[in-house]
Amino acid sequence: MIHTMLRNKGTFLVLGIDAATWSVITPNLSKLKNFKRLIDLGKNKTITLKEKPISASVWCGMFSGKLPAEHKHESYVVNDEIVKRADIKVDFIWDILHARGKNVKALNVPFVVPPYSFNVDFKPIGFGLPTNEKEWEEELERVTEETKFLMEEKPDLLIAVYTLLDRIQHFHWGEDYVLEWYRKMDDKIGELIFDTGFLDGNNKLIVISDHGFCSFGEAKVQTLPEHTDKGKLKGDHHEDAFLVTVNVDYDIERPQDVFFAINFFASKNLY
Ligand SMILES: [Zn+2]
């Protein structure tokens, strides 16, 4: 016991970026310096989803380890009722590790609306569906500040998710405006990962999206109607999601493997 207490095991950080997309990131790496630094430092891949690229379902599977047929949670709203955490009959990684005595924090995880937080008091922006520039800016700032604050506590596991790129790409896919927001996201990755020295020690990092993006007409599934009260949609979800890992020697092929990777290292007391 004394031995494990003396070891500095570090923090496992999962940074979720809803809808982060290689087709925007790869051609713009000269402008996205922190994404580039992360990619150079770690391992990266495209996760091509075999399940439907629906945010609620993918985030739910990622942190419960369950396939859609097992967790049965496909949509934020069912029969005109908002689905709540208690309606989803699974244990999430934060429930499991907390029960084992780990210090676990989860911030703004969008498998439900408003997004879910665990052991963190956080009020999501715009009910978790930020729809204008002011709300996007606010989410970017507040998730970053709260994540930085939580990182200083050095929890065993910290999960934090940004939702804004999903919203921005639905409304602005194909415009230069999208890259502007990837650059803002890139600055925040710099603040969180590099300015803090997070990767200098034993810490582990996963940066992941739940799906990618493409033009509205190209998408295999329509996750929202083309015409909404906020205007016509230009983009929708694509099955290719983004992944970079640093110090995580575990094969992640599907969203569910994030759960198993975290659980693997936790059971070996490696963080
Ligand atoms: Zn999403």
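Within region 212-254, being at positive phi and modelled with pLDDT of 95 or more holds for one residue alone: Asn247. Looking only at residues of region 221-271 that are of a type in the set (Ser, Thr, Tyr) and within 19 Å of the chain's Cα centre (by Cα), we find that the one that is surrounded by the fewest Cβ atoms within 10 Å (Cβ to Cβ) is Tyr250.
Of all residues in region 185-212, those that are within 16 Å of the ligand (Cβ to nearest atom) have Cβ atoms under 7 Å from Cβ atoms of residues that are outside any strand (DSSP E or B) and among the acidic types (Asp, Glu), 6 or more apart or on another chain, in Ser209/Asp18; Asp210/Asp18; His211/Glu239.
Would you confirm whether any residue within region 30-52 is surrounded by 15 or more Cβ atoms within 10 Å (Cβ to Cβ), free of Cβ contacts under 8 Å to residues at least 40 places away in the same chain and more than 15 Å from Ala241 (Cβ to Cβ)? Yes: region 30-52 contains one or more residues that are surrounded by 15 or more Cβ atoms within 10 Å (Cβ to Cβ), free of Cβ contacts under 8 Å to residues at least 40 places away in the same chain and more than 15 Å from Ala241 (Cβ to Cβ).
Among the residues making up region 121-157, those that are part of a loop (DSSP other than H, G, I, E, B) and either polar (S, T, N, Q) or touching a residue at least 60 places away in the same chain (Cβ under 8 Å) (or both) are Thr131, Asn132, Lys154, Pro155, Asp156. Assessment of region 214-232 against the conditions (assigned to a helix (DSSP H, G or I), closer than 30 Å to Lys268 by Cβ and not acidic (Asp, Glu)) yields no matching residue. For region 81-120, the tally of residues that are part of a helix (DSSP H, G or I) and of a type in the set (D, E, K, R) stands at 3.
Note on region 60-108: among residues that are closer than 27 Å to Phe12 by Cβ and of a type in the set (S, T, N, Q), the one that is surrounded by the most Cβ atoms within 10 Å (Cβ to Cβ) is Asn108. I'd like to know if region 16-24 contains one or more residues that are within 15 Å of the ligand (Cβ to nearest atom), in a strand (DSSP E or B) and out of contact with any Lys or Arg (no Cβ under 9 Å at 6 or more places or on another chain). Yes, because at least one residue in region 16-24 is within 15 Å of the ligand (Cβ to nearest atom), in a strand (DSSP E or B) and out of contact with any Lys or Arg (no Cβ under 9 Å at 6 or more places or on another chain). Selection within region 228-246: residues that are touching an Asp or Glu at 6+ places or on another chain (Cβ under 7 Å) and within 16 Å of the ligand (Cβ to nearest atom). The member of this set that is nearest to Thr26 (Cα to Cα) is Ala241.
The single residue among Ser55, Ser117 that is within 14 Å of the ligand (Cβ to nearest atom) and of a type in the set (Ser, Thr, Tyr) turns out to be Ser55.
The values are calculated or read from the model by the stated rules, or taken from the named source; none is laboratory data. Everything numeric here is computed off the predicted structure, so don't read it as measured data. FYI the Cβ positions are ideal-geometry reconstructions off the backbone, even for glycines, and counts take in every protein chain you see.
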